[in-house]
Amino acid sequence: MTFQQVYGYEPAVQYSAPGRVNLIGEHTDYNDGYVLPFAIDRRTTASIAPREDRVLRVASAFDTDNPPVSLSLDELAPDRMDGWSAYVLGIAWALREQAGADLSDKTGFDVFIESDVPVGAGLSSSAAIECGVALAFNDLWELGLDRKSLARVGQYSENHAVGAPTGIMDQSASLLGEQDAVVFLDCRTLDTAVVDLALEANGLEVLVVDTRVEHAHATGGYKARRDSCERGAAAMGVEALRDLSVDDLHRAQELLDDETFRRVRHVVTEDQRVLDTVRTLREHGPRAIGSLLVASHESMRDDFEISVPELDLAVTTAMEHGAVGARMTGGGFGGAAIALVDQEARGAIADAVTAAFAAAGYREPNVFTVHAAQGARRD
Ligand code: ADP
Ligand code: MG
């Protein structure tokens, strides 16, 4: 389906924004810590035409059974949006509500969404749709917001219009990503730096293994981990776990119960691994970060306990077949793992993982390569 088929005329402009993969830094975002995602070469496109009236109409190739959803700019409110259309309409609402944009004299749009970002695979199809739309509305309404502000608008919309309690990592990656580079984000200050990944020059690629395991415990498990982190920070007398360093772990072990201690140890060491990865990338290049990726996986498996057997099998199989590094990525309890691999070894490693899943009786994984790509743009 196309814009033309839905609305009966051609769109005026097209914007797109990518999904993302987090290279390292898991469950550090809500602890005010560090993350290191990159935008990927899978994008969501918003084809748009301005209207004369104040109506927003939205349709998606993802939902061809229903007619476009319509809402007037005078009716923008979270309780007027539901389903996937809230990811688009919520942006207009958040531009007004969070960024203070004056929409009183603006006209509406017809919007059509298409995407090759897999939904729910942990690659943030949600940020891809939010950020493409945010950049488009900002340009077309001439609001003059910068990309960091648009990332906050996307997060605000996801938190309050969609109702998902997520951090700002995904939107930052989708808006600030650059080709063959990672986005280093300090989740407390929201300072960002683009760091060269240089995979191409080093003959490397990132393989994604989507286990297709649904995040069955994702909601409950995520909340339990957040609670443990808050408890740990309070007991240690700091505002957030970001304020602890590896040297504080001795004291943490004496003070905390074993489970809370292991949750804290994951976050504190993971923050350090992000800093080490940034330094290593700058000083020695991507081939040197493999052991940090593996240590991150082990910490999530043993200390934070958010891995599943499928993710562990993907990581160990990739490593046994020559990957430079590998780890689960995303919130855990399912979803995807990544492996940093030599371009020539990609096929063999992908085959080995698929074979290992078959031998274990697991559902066939979806294995594909991603490249670090440019963030949201007008096409
Ligand atoms: P993830 O971000 O990991 O892919 P989320 O649950 O955060 O998973 O976001 C997925 C939701 O985003 C979908 O259920 C849908 O509501 C919305 N969405 C993503 N891509 C599209 C699309 N192309 N068209 C319509 N809605 C989309
Ligand atoms: Mg998401």
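Couple of notes before you dig in:
- Close Cβ contacts (under 6 Å, 6 or more residues apart or on different chains) running from residues in the stretch 227-246 that are in a helix (DSSP H, G or I) to residues that are acidic (D, E) and modelled with pLDDT of 95 or more comprise R242/D32.
- Looking across the stretch 258-289, just one residue is surrounded by 24 or more Cβ atoms within 10 Å (Cβ to Cβ) and of a type in the set (S, T, N, Q), and that is T277.
- Evaluation of F184 against (1) over 22 Å from R273 (Cα atoms); (2) assigned by TED's automatic domain parsing to the domain that holds N22; (3) open to solvent by 30 Å² or more (accessible area, probe 1.4 Å) (one fails), failing number: (1)
- Screening V353 on (1) open to solvent by 10 Å² or more (accessible area, probe 1.4 Å); (2) assigned to a helix (DSSP H, G or I); (3) of a type outside the set (K, R) shows it passes everything except condition (1).
- Single residue of I113, I129 found to be within 15 Å of ligand 1 (Cβ to nearest atom), in contact (Cβ under 8 Å) with a residue 40 or more places away in the chain and assigned to a helix (DSSP H, G or I): I129
- Any hit, the stretch 121-131, residues being open to solvent by 10 Å² or more (accessible area, probe 1.4 Å) and under 12 Å from S157 (Cα atoms): yes
- Check on V324, closer than 18 Å to T369 by Cβ, free of Cβ contacts under 8 Å to residues at least 40 places away in the same chain and crowded, with 20+ Cβ neighbours inside 10 Å: no
- Breaking point among (1) within 16 Å of ligand 1 (Cβ to nearest atom); (2) β-branched (V, I, T); (3) open to solvent by less than 20 Å² (accessible area, probe 1.4 Å), for T28: (1)
- In a residue-by-residue description of the stretch 30-43, the property of being at negative phi, modelled with pLDDT of 95 or more, of a type in the set (K, R) and assigned to a strand (DSSP E or B) applies to at least one position.
- Among the residues of the stretch 126-144, those identified as in contact with a strand residue (DSSP E or B) (Cβ under 6 Å, 6 or more places away or on another chain) and either more than 10 Å from ligand 2 (Cβ to nearest atom) or at pLDDT below 95 (or both) are C131, G132, V133, L135, A136.
- Some residue of the stretch 32-46 being within 16 Å of ligand 1 (Cβ to nearest atom), open to solvent by less than 10 Å² (accessible area, probe 1.4 Å) and more than 30 Å from H266 (Cα to Cα): yes
- Which listed residue is in the same structural domain as L95 (by TED's automatic domain parsing) and either hydroxyl-bearing (S, T, Y) or over 15 Å from A94 (Cβ atoms) (or both), from G132, G154, G144: G144
- Residue within the stretch 75-84 that is within 8 Å of ligand 1 (Cβ to nearest atom) and part of a helix (DSSP H, G or I) present: yes
- Whichever residue in the stretch 85-115 is open to solvent by 10 Å² or more (accessible area, probe 1.4 Å) and of a type in the set (D, E, K, R) and, among such residues, is nearest to R42 (Cα to Cα): E114
- Unmet requirement for V206, which otherwise passes all of (1) surrounded by 14 or more Cβ atoms within 10 Å (Cβ to Cβ); (2) over 30 Å from E344 (Cβ atoms): (2)
- Residue satisfying all of: in the stretch 56-80; modelled with pLDDT under 95 and surrounded by 13 or more Cβ atoms within 10 Å (Cβ to Cβ); nearest to ligand 2 (Cβ to nearest atom) among these: F62
- For T2: the one exception among (1) touching a residue at least 40 places away in the same chain (Cβ under 8 Å); (2) over 17 Å from D170 (Cα atoms); (3) among the polar types (S, T, N, Q); (4) touching a Lys or Arg at 6+ places or on another chain (Cβ under 8 Å): (4)
The values are calculated or read from the model by the stated rules, or taken from the named source; none is laboratory data. Here the structure is a predicted model, which is why all the values come from computation and not from measurement. As a convention, Cβ positions derive from the backbone with ideal geometry for all residues, glycine included, and neighbour counts pool all protein chains shown. These accessible areas exclude ligands, DNA and RNA; they are computed on the full protein's heavy atoms, side chains included. Shrake-Rupley method; radii C 1.70, N 1.55, O 1.52, S 1.80 Å.
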